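Structure first, then comments.
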Amino acid sequence: MPRRLTIFLAAVAFVLAGCGGDDAEEVSTFEDDGFPFTFEYPGDWEKTDEISIDQQLGSQPDETVAVALDEENTILLQRFTLAQEITEDNLGLAKQEFDGLIQQLDPESETEETEVAGYPALTTDAIPLTTPEDGESRLTILFDGDQEYLVNCQSVPEERDTVDAACEKAIESIEPAG
């Protein structure tokens with residue numbers, strides 16, 4: 001009897017290993033010299049640096065790039081050089097400044113201090129946008145010394161679930177490049 005059980009479990013493992021092989025979603029890896037990390041995103045999305053931004057809070061970025069499903073549904077990345085280094089010890093100062101900017105768009109917005117792939121980080125969800133209509137942004141800000149990296153997952157209602165899933169995958173898969 002134990003031998004039969006082992007064969008049955010091996011057969012189940014073989015069948016399960018075969019499932020989903022062809023249905024697995026293709027993924028691409030974001031890599032860019034201006035950003036010290038990589039992440040995974042859906043393989044049918046396109047990386048682009050041809051980006052039009054309707055509204056920019058704060059200073060102008062040093063670099064902007066995106067991976068996009070289409071013009072309204074994107075993971076936008078921006079790099080900024082800061083006047084001072086941000087670490088875990090002074091992340092609260094960055095949070096105060098960021099909260100002031102975000103509350104111009106959404107007074108109810110709440111920012112959370114966290115860590116992403118070893119980087120001190122801030123996150124905020126569901127910032128309403130005026131353009132695109134009914135648009136929404138989910139923001140993650142990573143700090144690496146005097147560099148700030150903004151990851152802005154922007155979506156419209158029709159693709160919100162798709163963008164949220166891609167954004168979650170991207171944030172969870174961030175790794176320092178190298």
ask   = Within region 67-82, is there a residue that is in contact with a Ser or Thr (Cβ under 6 Å, 6 or more places away or on another chain), surrounded by fewer than 16 Cβ atoms within 10 Å (Cβ to Cβ), in a loop (DSSP other than H, G, I, E, B) and of a type in the set (Asp, Glu)?
value = no
message = Show the residue pairs meeting these rules: Cβ distance below 6 Å; 6+ apart or different chains; first residue within region 28-41 and over 13 Å from Gln147 (Cβ atoms) and surrounded by fewer than 21 Cβ atoms within 10 Å (Cβ to Cβ); second residue modelled with pLDDT of 95 or more and of a type in the set (D, E, K, R).
response = Thr29/Glu40; Thr38/Glu31; Thr38/Glu175; Glu40/Lys169
query = How many residues are within 13 Å of the chain's Cα centre (by Cα) and touching a residue at least 40 places away in the same chain (Cβ under 8 Å) if we restrict to region 108-127?
reply = 2
inquiry  = Being hydroxyl-bearing (Ser, Thr, Tyr), more than 17 Å from the chain's Cα centre (by Cα) and either within 21 Å of Thr162 (Cα to Cα) or at pLDDT below 95 (or both) is true for just one of Ser59, Ser28. Which residue is that?
reply    = Ser59
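Does Ser109 qualify as being part of a loop (DSSP other than H, G, I, E, B) and either within 20 Å of Ser173 (Cβ to Cβ) or of a type in the set (S, T, N, Q) (or both)?
yes
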ask   = Out of curiosity, is Gln60 touching a residue at least 60 places away in the same chain (Cβ under 8 Å) and either in a strand (DSSP E or B) or not hydrophobic (A, V, I, L, M, F, W, C) (or both)?
value = no
key: The lone exception for Thr130 - which of (1) loosely packed, with under 12 Cβ neighbours inside 10 Å; (2) touching a residue at least 24 places away in the same chain (Cβ under 8 Å); (3) not in a loop (DSSP other than H, G, I, E, B) it fails   = (3)
task = Could you check Glu115 against (1) surrounded by fewer than 14 Cβ atoms within 10 Å (Cβ to Cβ); (2) in a loop (DSSP other than H, G, I, E, B); (3) of a type outside the set (Ser, Thr, Tyr) and say which number it fails?
result = (2)
ask   = Is there a residue being closer than 17 Å to Pro42 by Cβ and among the aliphatic types (A, V, I, L, M) anywhere in region 137-154?
value = yes
key: The lone exception for Lys95 - which of (1) surrounded by 15 or more Cβ atoms within 10 Å (Cβ to Cβ); (2) assigned to a strand (DSSP E or B); (3) out of contact with any helix residue (DSSP H, G or I) (no Cβ under 6 Å at 6 or more places or on another chain) it fails   = (2)
ask   = Can you name the residue in region 153-178 that is under 23 Å from Glu88 (Cβ atoms) and not charged (D, E, K, R) and, of all such residues, is surrounded by the fewest Cβ atoms within 10 Å (Cβ to Cβ)?
value = Gly178
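For the structure I just gave you, tell me whether Thr124 is surrounded by 15 or more Cβ atoms within 10 Å (Cβ to Cβ) and either in contact with a helix residue (DSSP H, G or I) (Cβ under 9 Å, 6 or more places away or on another chain) or not aliphatic (A, V, I, L, M) (or both).
Yes: the conditions hold for Thr124.
The values are calculated or read from the model by the stated rules, or taken from the named source; none is laboratory data. All of these numbers come straight from a predicted model, not from anything done at the bench. All Cβ positions, glycine included, derive from the backbone under ideal geometry; neighbour counts span all protein chains shown.
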